[in-house]
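Every number in this text was worked out from the coordinates using simple rules, so none of it is lab data. On a predicted model such as this, the values are computed, not experimentally measured, just so you know. Heads up, the Cβs are rebuilt from the backbone with ideal geometry, glycines too, and the neighbour counts pull from every protein chain shown.
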Amino acid sequence: MSAAQWRKAMNAGAGRVAMSGRPAPRGQTPLLAVGGLSPLLAAVRARHVLVLAALLVFPWVATPFITYQIGAQSLALGLIALSLTFLGGYGGMVSLAQMTVAGIAGYLVAILGAASASDASISLGWPWWLAVPAAIAVAALCAAFIGWLSVRTEGIYTIMITLAVGVAFYYLCLQNYSVFNGFQGFQRVQAPTVFGINWREPLPFFHLALFWSLAGYFFVKYLLRAPFGVALQGIRDNPRRMNALGYNVTAHRIAAYAVAGVVAAVGGVLLVWYNGLIGPGSVGTSWLINILVIAVLGGMRHPIGPFLGAIVFVLLQTFAIDLFDRERFNLVIGGVFLAIVLFSPDGLLGWWAGLQRKFSNMRPASRVSHRGDLP
Amino acid sequence: MAKFWRWFWSLVIGVPLAVFAVWAMWDNARLFFITLLNGLTLSSLYFIVASGFTLVFGLMRNVNLAHGSLYLLGGYLGYFTAQYSGSFVLALAAGFAGAALVGLAMQVGIFRFMQGQELRQTMVTIGLSIVFADLMMWAIGAQVHQMDAPAWLDGPLRGIPLINAYSKYRLSLLPIGIIIGVLLWLFLNRTRVGMMIRAGVDDRQMLAASGVNVNLVFAVTFAIGAGLAGFGGVIGAVELSMVPGEDVRLLLASLIVVIVGGMGSVVGAAVGAVILGLAETYGLAYAPTYSVVFTFVILVLVMAFRPRGLLGRPA
């Protein structure tokens, strides 16, 4: 889309605010003065600095267990769920196959790179700088293919078709021994040692995950304001009108799947390195649904949602054993998911926004200053 | 032109299938026909479960992803009923009634309040399926439950040409599936409630406007759809087995059956069930490690050329 077309589209409609279906943030003054600096700095607010500082300090304060088990896992899962938030929240296509895409990337890292598959020697042993980009590229292609399949029908069908594709991939991994090594899967899929740093160690791995999560987060945020992202949101709200405006609806949707596929694939590579192994269990139905749970739990209205959801999910998963029987984790997570879907469809973010509204209604005078110093 | 393409696709799909059939019969006729029977009896089970799924979807646009859980619930109920009463017919009734009651509770207690919010309803069914699966595992355990066939259907039927012997129970699934299909057809086409359901599939709002209590029709349909899943569960408890995870398998089968057959169409469910059942059993018999690939290829082909399914209509 050319710049002229883009301007026309913006002027024709009510602009981005109406398209994205939510009001622009009010009363938030930039922390740093704009004055001639790059607009990048102008967008920085107090809460951004606080969160970033907390993330950077966190691994030096927390124990390695918490850094790795909770920090890194949340980031990897959050990145995969971010791809679903992008697709579902902004593209209007709830895909249950995002874990499948991540799983394809993980499997390919194991198959192309180095892994030990107990008795069979399937892995090709490529170096990591070849195996990882190849895995991400192929996974993105698969994501585009899944997208092509599922955008042929509309709305509610998407969830069925992507679930069918995801479960079919699970059974393929389970039954096939020549490529996917069946039930066993691959063990010892490890992050490489680069620049003399062993990225498997908790601290380096956390920073690796943090880097890619931030990259994914800002990439998605950028994309949502770019012409492509705005067109995608327009398609979510009214595909017929966008089609009449001359946008190729199908192409935009498939491209959205491909982009989300890249994000999910990066998350998948991180997750396979985090776990150190991959097998059919990693792409089974429960994980397909867990990604949806994480995305919905956090809220699909903002790219930060999946990361919040992932933190809650991982905390529940890790400390479930202390609070109640570990066996009943599914009951708890299913119940939490059910409660969110039934009572707060926009997830934790929606709940938070609701609280804010309530609070600001009670004290209308202090609204602006209150909103100003949100973390 | 359209005729040409129809011929073209019949040839592209038909010729390789015919070549395979001839080769397989020449190679090992007994294996071929046993697989055929296995495939058709599995199709029968798939049809029973998926017809409930498609009925609910057609009327309410509710993708009930807890359908597999209802299947498993029906199976367990049937198993314990048969254990205590020793009657297979009673087990079937218990499976149907139990699942139908749960389905009714879901519709009346939850889905009635989110009419028209299809995605939210679907997410609720996902949550319910997680909770149901875990509750059943908690109450019953993760071990395999295998139900025995009733005495009058136990053992093999001997003296069939080419095959020699075949399980009576599995063979009986064919007529059961056909009877269920005919009953469902009669119910939908020859009764007043069936008429309302069909009218609701076409246009819900007009049905409501003409004075029909739509909520009641929805509740009845949901109960029947769920009941069919439970009924299938009892049948499947003998033919397959019951263990956590089977719910997902039957859910996947239902999904593929209705995607291939066309969503909301009972005849489509029958067609889809036969295609899926045959593809799965032939795949397992002739190419075990790639059998899922055939299912997937069918799904891809149908989505590529008939996005609404073989017998689907525009929503």
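Structural remarks
- Isotropic mean projected area of the C-alpha convex hull, the range A:121-208 (nm²): 7.9
- FRET efficiency for the pair A:A215 and B:L301, taken as 1/(1 + (r/R0)^6) with r the Cβ-Cβ distance and R0 = 35 Å, rounds to 0.40.
- Förster radius 51 Å - calculated FRET efficiency between A:N361 and B:V193, Cβ distance, rounded to 0.05: 0.60
- Restricted to Cα atoms, the range B:190-315 shows a radius of gyration and a Dmax of 17.2, 55 angstrom.
- Positive dipole terminus of the range B:77-185, leading residue within B:S167, B:A93, B:G127 (C-beta point charges): B:S167
- If R0 is taken as 41 Å, the Cβ-Cβ distance between B:V89 and B:D203 corresponds to a FRET efficiency of 0.60.
- With each label modelled as a point 7 angstrom along the Cα→C-beta vector, the B:F20-A:L203 pair spans 5.8 nm.
- Alpha-carbon Debye profile of the protein assembly as shown, log10 I(q)/I(0) at 0.06, 0.07, 0.08, 0.11 Å⁻¹: -0.37, -0.51, -0.67, -1.24
- P(r) tail for chain B: Cα pairs beyond 36 Å make up 19% of the total.
- Across all Cα pairs in the range B:1-126, the calculated P(r) in 10 Å bins from zero up to the longest distance comes to 11, 25, 22, 21, 18, 3, 0 percent per bin.
- Under the simplified labelling scheme, the A:L56-A:W351 pair shows an inter-label distance of 3.1 nm, with each label point 7 Å from Cα along Cα→Cβ.
- Share of pairwise Cα separations in the range A:62-324, more than 32 Å, in percent: 20
- Options A:A76, A:I161, A:P192, ranked by Cα towards positive dipole end of the range A:62-324, top entry (Cβ charges): A:I161
- Inter-chain shielding of A:169-177 (mean C-beta neighbours from other protein chains, 10 Å cut-off): 4
- Backbone N atoms of the range B:69-104 closer than 19 Å to the 7 Å Cα→Cβ label point of B:L135 belong to residues B:69-81, B:94-104.
- Here the relative contact order of chain B, from alpha carbon pairs under 8 Å that lie six or more residues apart, stands at 33 percent.
- Cα gyration tensor, the range A:68-221 - rounded (a/c under 1.5), prolate or oblate: oblate
- Cα-Cα separations in the range B:36-81 greater than 18 Å, expressed as whole percent: 42
- Where the alpha-carbon atoms of the range B:156-260 are placed on the principal axes, they occupy 59, 33, 24 Å, in descending order.
- In this rough spin-label picture, where each label sits 7 Å from Cα along the Cβ direction, the B:Q117-A:A339 distance is 1.8 nm.
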